[in-house]
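The values are calculated or read from the model by the stated rules, or taken from the named source; none is laboratory data. Keep in mind it's a predicted model, so treat the numbers as computed, not measured. No Cβ is skipped: glycine too gets one built from the backbone with ideal geometry, and neighbour counts run over all protein chains shown. What goes into the accessible areas is simple: the full protein's heavy atoms, side chains included, and nothing from ligands, DNA or RNA. Shrake-Rupley method; radii C 1.70, N 1.55, O 1.52, S 1.80 Å.
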Amino acid sequence: MANKLKLDEAKKHIQAAEKCMKTSFTKWNPDPDGAASEYIKAAVAFKNGQAFPEAKSAYEKAGECQLQCKQLFHSAKSFEQAGFIAKEMKNFDETAKLIERATNMYLENGTPDTAALALLRAAKMIESERADRAVKMYMKAAGIYEREGNSRQAADAIRSAPRLLIRTDKHDEAVTALQREINYNAEGECYEIVNRLVVCMVLLHLYRGDCVAADKAFKHAYVYPAFSGCEEADAVEQLLEAMNQGDETQAATILNSPLFKYLDNDFAKLARDLRENPPDGLFFSGGSSAKNSAAAAANESEEEYPEGLL
């Protein structure tokens, strides 16, 4: 009964909105502002009545009317609400599409923080179902904060991206995203976080089977003020040395230490997998492959990486 009352109320608001947009001999111009108000009231009533497709449509119509009135911020809000309704309908692609549209309007309106927050909320809503789309949203939000000169918020925004990429086995892309996270934290002078992320980067390269890149990432980390002599630097150095020597027992012991076990879950899992199932032909094979990789890395140790490793 309550739902029927809400739906009846919503339909009355739809009729009022349509009336606002009609013209006649006595009313020459439509009233999109009045129509937007009625569409929003209808959307709320439809939502309360559990009529989600109708609620989504009403919010979109409100957004279009507000756009006609050049009310960019309010129009963006309406499209964002439509995106939230799409999520309730489990239409995750539509959620992303609507909120990305809202984001562009926020940016055009000169409210980048609101744009970034909209992206982060949407990414969190869809990441379990549309990981690729969520990664792009996290990275776009980070880029917005970066352009605003807020490195710490950029670091927070991008944090989920490399972890999602690891979960979806896109390890090369995860390297790029993780390097951006390292760079943002370094710019924000969050050096304790940088130290942990360097460990994560080394693990990621090792998991990819690239001992040369792991060694480069470790050596490059000494440009960060707090890395030299820290616990993380010592642990990574010992790990790479054990692999260089082909010492499976020592490498497994290091990977099983608290420093590696208590990293963020996705990276702790990499450490466990490296310990239990190291890539064939690279680790613990008598040292030949590891030694060759270390030698190759040494030959390139003079290279400079002014913008970080990708």
| task | Could you size up the charge dipole of region 6-45 around its Cα centre, putting +1 on the beta carbon of Lys and Arg and -1 on that of Asp and Glu, and report it in debye to the nearest 20? | result | 100
| To the nearest 500 deg cm²/dmol, what mean residue ellipticity at 222 nm is calculated for the chain from DSSP H runs of n ≥ 4 alone, each contributing -39,500 (n - 2.57), summed and divided by the residues? | -24000 deg cm²/dmol
| query | Modelled label-to-label distance, Lys269 and Gln68, 7 Å Cα→beta-carbon offset: nm? | reply | 5.0
| task | For the chain, find the longest principal axis of its Cα atoms and tell me its angle to the long axis of helix 265-276, 0 to 90°, nearest 10. | result | 30
| Setting aside same-chain residues fewer than 8 positions from Lys261, which lysines have a Cα under 21 Å from its Cα? | Lys269
| Kirkwood Rh, Cα Rg: Rg to Rh for region 3-110? | 1.01
| task | Could you tell me whether region 49-167 comes out rounded, prolate or oblate from its Cα gyration tensor? Rule is a ≥ b ≥ c as square roots of the eigenvalues, rounded for a/c under 1.5, then prolate if a/b exceeds b/c, otherwise oblate. | result | oblate
| remark: With every protein chain kept in place and a 1.4 Å probe, region 100-182 has an accessible area per residue in Å² of 44
| query | To the nearest 0.05, what FRET efficiency results for Asp132 and Thr23 with a Förster distance of 35 Å applied to their C-beta separation? | reply | 0.15
| query | How much accessible surface does Val198 have with a 1.4 Å probe, in Å² rounded to 10? | reply | 10
| Linear extension gain, Ala226 paired with Ala16, 0.36 nm per residue minus alpha-carbon span | 69.2 nm
| task | At 1.4 Å probe size, with no ligands or nucleic acids counted, give the accessible surface of Asp247 in Å², nearest ten. | result | 60
| request: Can you work out the accessible area per residue across region 46-86, with the rest of the protein chains kept in place, probe 1.4 Å, in square angstrom? | output: 42
| note | Counting only protein heavy atoms with a 1.4 Å probe and every protein chain in place, the carbon and sulfur fraction of the accessible surface of the chain in whole percent equals 47
| Nearest-ten-degree value, helix 52-68 long axis tilted from longest Cα axis of the chain | 80
| request: Taking just the C-alpha trace of the chain, give me its Rg and Dmax in Å. | output: 26.3, 92
| Is the shape of region 63-117 best called rounded, prolate or oblate, per the rule: a/c under 1.5 gives rounded, else a/b larger than b/c gives prolate, else oblate, with a ≥ b ≥ c the square roots of the Cα gyration tensor eigenvalues? | oblate
| Placing +1 at every Lys and Arg Cβ and -1 at every Asp and Glu Cβ, with all other atoms neutral, what dipole size does the chain have around its Cα centre, in debye to the nearest 20? | 2120
| Relative contact order of the chain: what whole-number percent is it, with Cα pairs under 8 angstrom and at least 6 residues apart? | 9
| field | Magnitude of the charge dipole, region 14-110, Cβ model with Lys/Arg +1 and Asp/Glu -1, debye to 20 | value | 160
| request: Report, as a whole number in µm² per second, the diffusion coefficient that Stokes-Einstein gives for region 97-197 at 25 °C and 0.890 mPa s using the Kirkwood radius over alpha carbon pairs. | output: 181
| remark: Taking r as the C-beta separation of Asp33 and Lys124 and R0 as 30 Å, the FRET efficiency to the nearest 0.05 is 0.35
| remark: Given a Förster distance of 41 Å, the FRET efficiency implied by the Cβ-Cβ spacing of Asn104 and Lys4, rounded to the nearest 0.05, works out to 0.60
| Which shape class, rounded, prolate or oblate, goes with region 228-278 when its Cα gyration tensor gives a ≥ b ≥ c as root eigenvalues, a/c under 1.5 marks rounded, and past that a/b bigger than b/c marks prolate? | oblate
| field | Probe 1.4 Å, all protein chains present, accessible-area order of Glu232, Glu54, largest first | value | Glu54, Glu232
| remark: Among Gly209, Gln238, Ile193, the residue whose Cα sits farthest towards the positive end of the charge dipole of region 188-243, when +1 is placed on the Cβ of each Lys and Arg and -1 on the Cβ of each Asp and Glu, is Gly209
